[in-house]
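Input: a single structure, listed below in C-alpha cells.
The values are calculated or read from the model by the stated rules, or taken from the named source; none is laboratory data. Given the structure is predicted, the values throughout are model-derived calculations rather than measurements. Here Cβ is always computed from backbone atoms with ideal geometry, including for glycine, and neighbour counts include all displayed protein chains. For accessibility, only protein heavy atoms count, side chains too; no ligands or nucleic acids. Shrake-Rupley method; radii C 1.70, N 1.55, O 1.52, S 1.80 Å.
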Amino acid sequence: MALVNYANLDFSQIKSTLREYLRNNSNFTDYDFEGSNLSTILDVLAYNTYLASYNANMVSNECFIDSATLRENVVALARNIGYTPRSKKSSTATISFIVDTTGITPAPTSITLNKGPIATSGGTFAGNSYIFSIMDDVTVPVVNNIAVFDLLPIHEGPYLTETYTYSSRNPNQRFLINNAGADTDLIRVRVGTNSSTSKRVYAKQDSLFDIDGDSRVYFLQEVEDERYEIIFGDGVFGKALSEGNVVEINYLTTSGGGANGLSQFSFNGRMTYVRNGVTYPISQGISIITTDIAATGGDVIEKVDSIKKFAPRIYASQNRALTANDYETLIPAKIYPETESISVFGGEELIPPQYGKVFISIKPRTGEFLPNLIKENIKRDLKKYAVAGIVPEILDLKYLYLEVTSNIYYNTNQAPSSSEVAAVVQSNIESYADSSELNKYGARFKYSKFLKIVDDSHEAITSNITSVAMRRDVRAALNTLAEYQIGFGNQFHIARMSGYNIRSSAFRVAGITQNVYIGDIPNTNRENGTLFLFTLDNPASRNPIIVRRNVGRIDYIKGIITLNPINIQSTQKVIDGQSVIQVVATPQSNDVIGLQDLYLQLDVNNSVFEVITDSIASGLDPSASSYTVSSSYNYNRGLLVKP
C-alpha cells in the first residue's frame with residue numbers, strides 16, 4: 001500500500017495515516033501500535049512530517065504578497081513591482097530667533113546656522129526628550145547688528161552621517177543606511193572625489209523617466225530590519241560612480257509621531273561666520289526660541305497591510321493618473337503621504353456636469369483642511385502623472401455629521417444603575433465613531449450594526465429605539481450677497497407635507513432684525529419644494545412666523561438644499577472661529593453614505609442616549625399597563641429648529 005498524500009496539517013491525522021500504512025504492511029502483523037515502542041517512533045515521524053509540512057506551507061505563503069506576513073518578504077515582493085514603502089516621518093516644527101552681534105569681534109556680515117542638531121525639547125515631552133535638526137546650512141545677513149532666523153523648519157531626530165568609498169574591485173559593495181527609523185524624505189546624498197572637499201548633491205529618483213547617463217540621481221529601497229539602501233546609476237540611467245568616489249549620506253532617525261504637539265524648544269545648534277577666510281564660532285547673543293508652528297506630521301513607517309493595498313495598485317496605475325482609482329492610489333502613495341483618506345470623482349458626475357475636470361478631496365492626518373500651498377504642490381506634482389486636458393481641482397473637506405437619538409431599554413435586575421449602562425453605551429459608540437469604518441470617504445453608516453452595538457453594550461439592555469439625522473455645517477460669508485448649495489448626498493425623508501422637514505440654527509439676514517431659521521414646503525410630487533425663512537419667540541416654540549418666502553429650493557431625492565443669493569450678517573453658531581449655519585435633515589434610509597467629497601462622522605456630542613427602565617423585563621409591570629413607549633419617528637426631537 002502506497003503512503004497517501006496528506007490533506008491538511010493535523011498531527012493526529014498524520015500519525016493515524018502512518019499507523020494505517022504500517023498495519024497494512026505484512027512485516028508488522030499483530031503489532032500493538034498503541035502500547036509498543038513503535039508508538040513513540042510514530043510520534044517522531046508524525047511530528048517531523050508535521051513540521052516539514054508546516055514549513056513548506058509557510059514558505060509558499062511568503063512567496064505571494066497577499067499571503068506573506070513577514071515585513072521583509074512583503075517589502076521584497078513590493079519591490080519587484082516598483083513600490084517603495086513609506087518610511088517613518090519626522091515631526092516638523094517652525095521656529096524663529098535672533099542673534100545680536102553687538103560685542104562680537106570681528107563683526108560678522110552674515111551668520112550661518114550649521115546643519116545638524118539645532119534644538120532640544122524644553123524638558124521632557126510625554127516622558128521623552130527629543131532632538132530637532134536641520135539638513136542644510138542656513139545663512140542670513142546681519143542688519144544693524146541683528147541676524148534674524150525667521151520661520152525656520154526643524155525636524156525631529158538626531159543628525160547622522162554614513163561615509164563610503166566606492167571601489168570597483170568590490171562587486172558586492174552596498175551603500176546602506178545602517179540605522180532603522182530614517183525619514184527618507186530628509187536624506188541628503190553627496191558624492192565627491194577622494195581628493196576634493198566639495199561634493200555634488202544627488203537627488204532621489206523613483207522612475208527611469210527624464211534621466212540619462214549624466215543625471216546625478218540615486219534610487220532608494222527598503223532592505224532588512226527597516227533600513228534603507230542607496231543605489232546609484234549605471235551610466236545609462238543615472239550617473240555611475242567612479243573609482244575612489246566618496247559617498248556621504250546624511251539623514252535623521254526619527255521616533256515617528258512621538259514629538260507631535262511639541263512647542264517648547266531650547267537652542268542647541270552651532271553657528272559660525274567667516275571673515276577674511278577665517279571661520280569664527282558664535283556662542284553669545286542668541287535669543288530665546290519662539291515657536292511659530294508646533295511639531296506636527298510625524299508618523300510611523302508604512303504598515304504591512306498598507307503595502308499590500310497600495311503596491312499592486314501603484315503597479316496597475318503604471319505611474320499615470322487616468323481613472324479615479326489611479327488618483328486615489330498615486331496621491332497618498334507618491335505625492336502626499338500625509339493623506340488619511342481621499343475621494344476622487346470626475347466632473348461628469350456633478351450636477352450640472354463639469355467635463356474635463358477631476359475633483360479631489362483629501363482628509364489630512366493632522367488638521368481638517370489642506371493649506372493652499374499644499375494644494376498647489378499636489379496639483380503641480382500631479383502633472384507628471386495626469387493625462388493632458390484633465391484639470392485637477394482640490395476641494396476643501398466637507399463633513400456630513402450624523403446625530404442619533406437613542407432610547408435604550410434595560411432590565412433593572414441586571415445593572416446597578418442606569419448611569420452605568422449609559423456610560424458603557426457611550427464608550428462603545430465613541431469607539432465606533434472613531435473607527436475606520438466611518439472616518440473615511442465613501443463610508444457607510446450601517447444602521448443595523450449600530451443597533452447591535454448598542455444592544456450588545458451591556459447584558460441588561462433589552463432593546464433600543466434609535467432615529468438618525470444628518471447635519472451639515474455651512475460656513476457663512478458674512479455681509480456678502482452669496483448663494484449657498486448644501487449637498488447631503490442622501491435622499492431626504494418627508495415627514496410632513498405641511499413643511500418643516502429640515503431644521504437650521506439661527507442666523508440674521510439683511511432687512512430682518514430678528515433671528516431667522518430655514519424651513520421647507522414640499523411640492524405635491526414629493527420630489528422637490530421651496531424654502532422660506534421664519535422666526536420664533538424661542539427655539540422651543542411651536543408657533544413659527546414666516547417672514548420671507550421663496551428664498552431657495554430643495555431637492556428631496558438628491559438631498560440638495562439651495563439658498564438663493566442672500567446677505568447673511570451673523571450666525572448664532574461660531575465653530576473654530578468660523579460663523580456657521582447648521583442644517584439638519586432626516587435621511588430616507590437609516591443607512592447613510594458619504595457621497596463623493598462628503599466625509600462621514602458620527603457626532604456623539606450632539607447625539608442623545610436616554611436610558612429607560614424596561615418595566616416588563618424587570619418584572620415591574622408584567623401586564624405592560626404603564627410601559628413607556630418610544631416613538632420610532634422622533635426625527636426632530638419635537639423642535640422646528642436646530643438649537
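Things worth noting here:
- So Ile289, is it over 24 Å from Val148 (Cβ atoms) and either in contact (Cβ under 8 Å) with a residue 40 or more places away in the chain or touching a helix residue (DSSP H, G or I) at 6+ places or on another chain (Cβ under 9 Å) (or both): no
- Filtered by the rule that a residue be assigned to a loop (DSSP other than H, G, I, E, B), surrounded by 14 or more Cβ atoms within 10 Å (Cβ to Cβ) and not charged (D, E, K, R), the stretch 52-66 gives a lone residue, Ile65.
- Count - residues of the stretch 504-527 that are open to solvent by 60 Å² or more (accessible area, probe 1.4 Å) and within 39 Å of the chain's Cα centre (by Cα): 2
- The combined condition, being in a loop (DSSP other than H, G, I, E, B) and charged (D, E, K, R), is fulfilled by Arg526.
- Qualifying residue in the stretch 551-558 (condition: open to solvent by less than 70 Å² (accessible area, probe 1.4 Å), more than 25 Å from Tyr401 (Cα to Cα), touching a residue at least 24 places away in the same chain (Cβ under 8 Å) and not in a strand (DSSP E or B)): no
- Yes/no for Arg542 being within 13 Å of Asn501 (Cβ to Cβ), at pLDDT below 90, over 38 Å from the mean Cα position of the chain (by Cα) and of a type outside the set (Phe, Trp, Tyr): no
- Counting only helices (runs of 4 or more DSSP H) wholly contained in the stretch 371-469, the ones carrying 2 or more residues that are open to solvent by 20 Å² or more (accessible area, probe 1.4 Å) and among the basic types (Lys, Arg) occupy 372-382, 447-455.
This table checks each residue for (1) more than 16 Å from Ala585 (Cβ to Cβ); (2) hydroxyl-bearing (Ser, Thr, Tyr).
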{"residue": "Ser448", "(1), (2)": "yes, yes"}
{"residue": "Lys452", "(1), (2)": "yes, no"}
{"residue": "Asn464", "(1), (2)": "yes, no"}
{"residue": "Thr480", "(1), (2)": "yes, yes"}
{"residue": "Phe492", "(1), (2)": "no, no"}
{"residue": "Ser505", "(1), (2)": "no, yes"}
{"residue": "Ile521", "(1), (2)": "no, no"}
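- Test result for Glu340, within 30 Å of Asp225 (Cα to Cα), among the acidic types (Asp, Glu), in contact with a helix residue (DSSP H, G or I) (Cβ under 9 Å, 6 or more places away or on another chain) and in a strand (DSSP E or B): yes
- Enumerated strands (runs of 3 or more DSSP E) restricted to the stretch 72-179, each holding at least 2 residues that are among the polar types (S, T, N, Q) and surrounded by 14 or more Cβ atoms within 10 Å (Cβ to Cβ): 92-100, 116-121
- Residue within the stretch 579-589 that is open to solvent by less than 10 Å² (accessible area, probe 1.4 Å), modelled with pLDDT of 85 or more, more than 30 Å from Thr412 (Cβ to Cβ) and outside any strand (DSSP E or B) present: yes
- Qualifying residue in the stretch 616-635 (condition: in a loop (DSSP other than H, G, I, E, B), open to solvent by less than 40 Å² (accessible area, probe 1.4 Å) and not acidic (Asp, Glu)): yes
So that you can scan it fast, the table gives a plain yes or no per residue for (1) surrounded by 18 or more Cβ atoms within 10 Å (Cβ to Cβ); (2) in contact with a Ser or Thr (Cβ under 9 Å, 6 or more places away or on another chain); (3) small (Gly, Ala, Ser); (4) modelled with pLDDT of 90 or more:
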{"position": "Thr197", "(1), (2), (3), (4)": "no, no, no, no"}
{"position": "Ala203", "(1), (2), (3), (4)": "no, yes, yes, yes"}
{"position": "Gly213", "(1), (2), (3), (4)": "no, no, yes, no"}
{"position": "Arg216", "(1), (2), (3), (4)": "no, no, no, yes"}
{"position": "Glu248", "(1), (2), (3), (4)": "no, yes, no, yes"}
{"position": "Tyr251", "(1), (2), (3), (4)": "yes, yes, no, yes"}
{"position": "Leu262", "(1), (2), (3), (4)": "yes, yes, no, no"}
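- Positions within the stretch 596-623 being farther than 15 Å from Tyr410 by Cα and out of contact with any Phe, Trp or Tyr (no Cβ under 8 Å at 6 or more places or on another chain), in sequence order: Val604, Asn605, Ser607, Val608, Ser623
- Scanning the stretch 300-335 for residues that are in contact with a strand residue (DSSP E or B) (Cβ under 8 Å, 6 or more places away or on another chain) and open to solvent by less than 30 Å² (accessible area, probe 1.4 Å) yields Ala321, Tyr327, Leu330, Ile331, Pro332.
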